[in-house]
1. Between Thr101 and Met44, what FRET efficiency comes out of the Förster formula 1/(1 + (r/R0)^6) with R0 = 35 Å and r the beta carbon distance, rounded to 0.05?
2. Add +1 for every Lys or Arg and -1 for every Asp or Glu among the other residues with Cβ under 15 Å from the Cβ of Leu52, and state the total.
3. Restricting to Cα pairs below 8 Å that are 6+ residues apart, what does the relative contact order work out to for the chain? Please round to a whole percent.
4. On a 0 to 90° scale, report how tilted helix 84-96 is relative to the longest principal axis of the chain, with both axes built from alpha carbons and the result rounded to the nearest 10.
5. Determine the relative contact order of the range 33-153: mean sequence separation of Cα pairs under 8 Å and six or more apart, normalised by residue count, in whole percent.
6. By count of other Cβ within 10 Å, fewest leading, how are Glu153, Glu18 ordered?
7. For the chain, find the longest principal axis of its Cα atoms and tell me its angle to the long axis of helix 3-22, 0 to 90°, nearest 10.
8. Where does helix 151-174 land angle-wise versus the long Cα axis of the chain, in degrees 0 to 90, nearest 10?
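Just so you know, all these numbers are worked out from the coordinates, no wet-lab data involved. What you see is a predicted model, and the numbers here were worked out from it, not measured in a lab. Heads up, the Cβs are rebuilt from the backbone with ideal geometry, glycines too, and the neighbour counts pull from every protein chain shown.
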Amino acid sequence: MYEDSLTDISDAAAAQVELIKKSLPAYLVHSGMAGVYIAFAVVMTFIFGQSLYQTVFEPVRGIVMAAVFGIALSLVIVAGSELFTGNAMIMSVGALTDRTTWSDLGTVWSVSWIGNLMGSMLIVGLAFLAGVFPDGSLLASVGSYKMNAPAIELFTRAILCNWLVVLAVWSNFQLENPVAKLIMVWWCLLAFVGSGFEHSIANMSILGLANVVVPGAAGVSWQGMAYNLTIVTAGNIVSGVVCMGAAYYYVTSSYGYSWNWGLEDTSTQTGNVVVSDDD
């Protein structure tokens, strides 16, 4: 079944734990890179979207914005960085297979989320200083909605969003062809952006930009940003852990596979997939 992918993901989880132990500041910077890459995509997406906003091309604006956002996860995966929403699945698999601990999961999640926020805010500040949003009406509209939407709506949209994002990350472990990997990333992100789902790391830069480009706009505030990120982060975790990590672990282990990592130090051990005699 999926034992090879789960083993690779477990190894990736253990590698992240070792990186944090070696240098917390370096891991924070590495996580900041993911925030930067996602924010780059957000800036580009909203520049494209603003050019079509409230014009005769308004009906295709959503499709265009969804189509260009694929650069976000493409950069994260190809260039290399630590994205919190991907770590929701990776670290849960590591804990479920006993490659890492649940305490490790909490540490990696916390540091990667903070790093993602730092990177996002860096690009928000630079984009503001660069003056790339002379018209912030689209940011105001989107930001106001996200900061004031009902909690249950944000939570369920966040579950649906990271289900798709983590499917793209999962596909990266399933596929070997780099072109195929990028195609899957593009399709999954097209689906999530086009459907209007909620991604906590993307929202860091979207809502940050709304606050600095159109301060004082109706419904836009830093408190609203905190409200959105709290709920959306929780929803992203649910889909990363339950809908993807735990689901694939359950399916694979139920068919008789188990993981025997041995007694070696986790920094050097490799996974061995064991098939039960009943299989």
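1. The value I calculate is 0.35.
2. -1
3. 28 percent
4. Computed tilt is about 20 degrees.
5. Computed value for the range 33-153: 37 percent relative contact order.
6. Exposure proxy ranking, most exposed first: Glu153, Glu18.
7. Roughly 70 degrees between the two axes.
8. So the inclination is approximately 50 degrees.
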